[in-house]
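Before I ask anything, here is the structure I am working with.
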Number of protein chains: 2
Amino acid sequence: MKDDKKYARIFRAVLKLVAKKGLAGMTMGDISKEAGIATGTLYVYFDNKDALINALFAACRENSVTVSFRGYDARQPFKPGFRSIWMNILRYRLQHFEEFIFLEQCYHSPYITAATREKARELAEPFYALMARGQAEQLIKNVEKDLLITVIIGSMNELVKQIHYSGTALTKNRMSITFDLCWDAIKA
Amino acid sequence: MKDDKKYARIFRAVLKLVAKKGLAGMTMGDISKEAGIATGTLYVYFDNKDALINALFAACRENSVTVSFRGYDARQPFKPGFRSIWMNILRYRLQHFEEFIFLEQCYHSPYITAATREKARELAEPFYALMARGQAEQLIKNVEKDLLITVIIGSMNELVKQIHYSGTALTKNRMSITFDLCWDAIKA
DNA sequence: TTTTATGGTGAATAAATATTCACTTATATT
DNA sequence: AATATAAGTGAATATTTATTCACCATAAAA
């Protein structure tokens with residue numbers, strides 16, 4: 001019986017290695033060593049390197065969406081609800097920077113198959129629904145939802161990178177300021 | 001005498017290959033074949049694969065800044081000046097998507113040395129100066145310039161990706177809408 | 001023209017790396 | 001306990017890939 005904990009250990013090893021050496025430089029040998037198992041064992045759990053990476057990509061994407069909406073209650077007013085989701089995402093990406101980098105690396109990578117990409121796209125559905133609600137309540141601009149999401153997610157991702165690489169701490173204050181920039185962009 | 005046209009052909013080949021196969025999957029053999037030269041010739045022009053990639057990275061970054069400020073005249077009012085720069089960048093990244101992808105790939109890659117990264121950072125100077133001007137004229141928010149640039153560049157990069165991968169055309173109208181989102185974010 | 005230097009070549013070499021497999025160990029089933 | 005089934009191993013293999021090098025082509029210098 002395959003061990004869930006072993007899947008987790010393999011995944012953790014990959015995340016660590018990708019952050020350090022990039023998808024490119026990470027060998028199966030590296031992974032097994034980092035995970036503390038034999039190279040052959042990787043092939044018990046996954047068909048090959050591609051399959052391993054696709055599986056991790058799917059898991060990360062799914063996890064990412066779950067985390068975003070944690071604690072979100074559709075009955076509360078729109079803006080504080082949106083704010084809490086925004087903060088959730090930002091905090092999670094900063095605290096799990098390796099996961100964030102891995103997803104970014106995968107984005108253009110030939111490792112990721114068309115099927116995996118398609119599944120990832122479907123996961124974005126809740127964000128479209130959120131934009132629809134804001135528009136229905138006339139709180140945010142009535143423009144294509146794609147453009148709104150693009151501005152929100154794009155600026156957040158860049159913020160995460162900037163924070164991480166500059167080494168400066170992201171204070172509550174700076175988070176709040178950046179949220180306000182973002183809100184001003186989309187507010188009606 | 002080494003041939004400038006050959007440098008250009010090698011660079012063009014790399015950009016094409018990275019867009020297709022990622023930094024990971026691109027071999028020196030692929031590059032020479034795509035450029036129509038012998039593998040050994042690559043080593044006449046560059047010490048090794050790392051050096052090749054670093055050289056191209058530096059060239060792309062420099063080019064990117066040059067293009068951004070093309071046609072910018074500091075004597076015209078701030079907002080139209082800023083708008084023309086914003087449009088310059090967006091248009092260039094869409095038209096040279098391969099270059100954009102290459103730079104993104106390099107961002108976290110171990111191929112890129114610390115020295116190359118440092119040089120790239122210095123190139124961002126004109127953007128800080130631009131923010132300073134906008135703040136001095138009290139047209140844009142008086143918050144950390146880093147945060148402003150992050151929102152501007154981050155949302156634009158995401159837009160470029162979204163446009164490219166969704167296959168939808170970016171009409172003048174959609175460009176204008178997105179610029180307005182961006183402007184609302186930063187305006188005082 | 002001869003000499004020298006440099007660009008160009010691609011098969012050969014040396015590493016690096018994914019994958020396999022014969023075998024061991026653990027766990028479930030009878 | 002005996003047997004069957006599946007997980008785990010890591011050295012050996014097959015493949016891929018960066019890099020070299022002995023040689024050819026070209027063009028400038030003598």
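Keeping every protein chain in place, order B:L181, B:L103 by accessible area at 1.4 Å, biggest value first, i.e. largest first.
Of B:L181, B:L103, the descending order of accessible area is B:L103, B:L181.
Got the B:K21 label distances to the other copies yet, label 7 Å along Cα→Cβ, in nm, shortest first?
Spelled out, the distances from B:K21's label point are 2.0 nm.
Mind checking which aspartates and glutamates have their C-alpha under 13 Å from A:K79, skipping anything on the same chain fewer than 8 residues away?
A:E137, A:D180, A:D184
Take every Cα pair under 8 Å in segment A:1-45 that's 6+ residues apart, average their separations, divide by the length, and report that relative contact order as a whole percent.
Computed over segment A:1-45, the figure is 35 percent.
Which one, B:G36, A:L90, A:N173, projects farthest toward the positive side of the charge dipole computed for the protein assembly as shown from Cβ point charges (K/R +1, D/E -1)?
A:N173
At a Cα cut-off below 20 Å, give the aspartates and glutamates reachable from A:K5, other chains included and same-chain residues fewer than 8 away excluded.
List returned: A:D30, A:E34, A:D47, A:E62, A:E98, A:E99.
Assume the label is 7 Å from Cα along Cα to beta carbon: what separations in nm does A:G40 have to the matching positions in the other copies?
Label point to label point, same position, other copies: 4.3 nm.
Where nothing but the Cβ of Lys and Arg (+1) and of Asp and Glu (-1) is charged, how large is the charge dipole of the protein assembly as shown around its Cα centre, in debye to the nearest 20?
Dipole size: approximately 160 debye.
Which of rounded, prolate or oblate describes the protein assembly as shown when judged by the alpha-carbon gyration tensor and an a/c cut-off of 1.5?
oblate
Also, quick follow-up: When each pair of different Cα atoms in segment A:1-45 is counted once in the 1/r mean, what is the Kirkwood radius in angstroms, to one decimal?
10.4
Relative to the longest principal Cα axis of chain B, at what angle does helix B:49-68 sit, 0 to 90 degrees, rounded to 10?
30
Pull out a ≥ b ≥ c, the square roots of the eigenvalues of the alpha-carbon gyration tensor of segment A:67-188, then state rounded if a/c is under 1.5, prolate if not and a/b is larger than b/c, and oblate in the remaining case.
In terms of gyration-tensor shape, oblate.
Considering only protein heavy atoms and a 1.4 Å probe, what is the carbon-and-sulfur percentage of the accessible area of segment A:61-174?
Answer for segment A:61-174: carbon and sulfur cover 54 percent of the accessible area.
Separate question: Quick check on my link table: of A:K187/B:K161; B:K145/B:K187; A:K141/B:K161; B:K6/B:K119, which ones sit more than 20 Å apart, alpha carbon to alpha carbon?
Too far apart for the 20 Å limit: A:K187/B:K161; A:K141/B:K161; B:K6/B:K119.
Now, a different point. Mind checking the dipole of segment B:57-186: about its Cα centre, +1 per Lys or Arg Cβ, -1 per Asp or Glu Cβ, Debye to the nearest 20?
300
Label position 7 Å from Cα toward Cβ: report the copy-to-copy distances for B:A114 in nm, one decimal, ordered from shortest.
Reported distances to equivalent positions: 4.4 nm.
Also: Work out the length of the dipole vector of segment B:10-124 about its Cα centre, built from +1 on the beta-carbon of each Lys and Arg and -1 on the beta-carbon of each Asp and Glu, and round it to the nearest 20 debye.
Dipole of segment B:10-124, to the nearest 20 debye: 440 debye.
The values are calculated or read from the model by the stated rules, or taken from the named source; none is laboratory data. Quantities reported herein were computed from a predicted structural model and do not represent experimental measurements. A quick note on method: Cβ atoms are made from the backbone with ideal geometry, for glycine too, and the neighbour counts reach across all protein chains shown. To get the accessible areas, we keep the full protein, side chains included, count just its heavy atoms, and leave off ligands, DNA and RNA. Shrake-Rupley method; radii C 1.70, N 1.55, O 1.52, S 1.80 Å.
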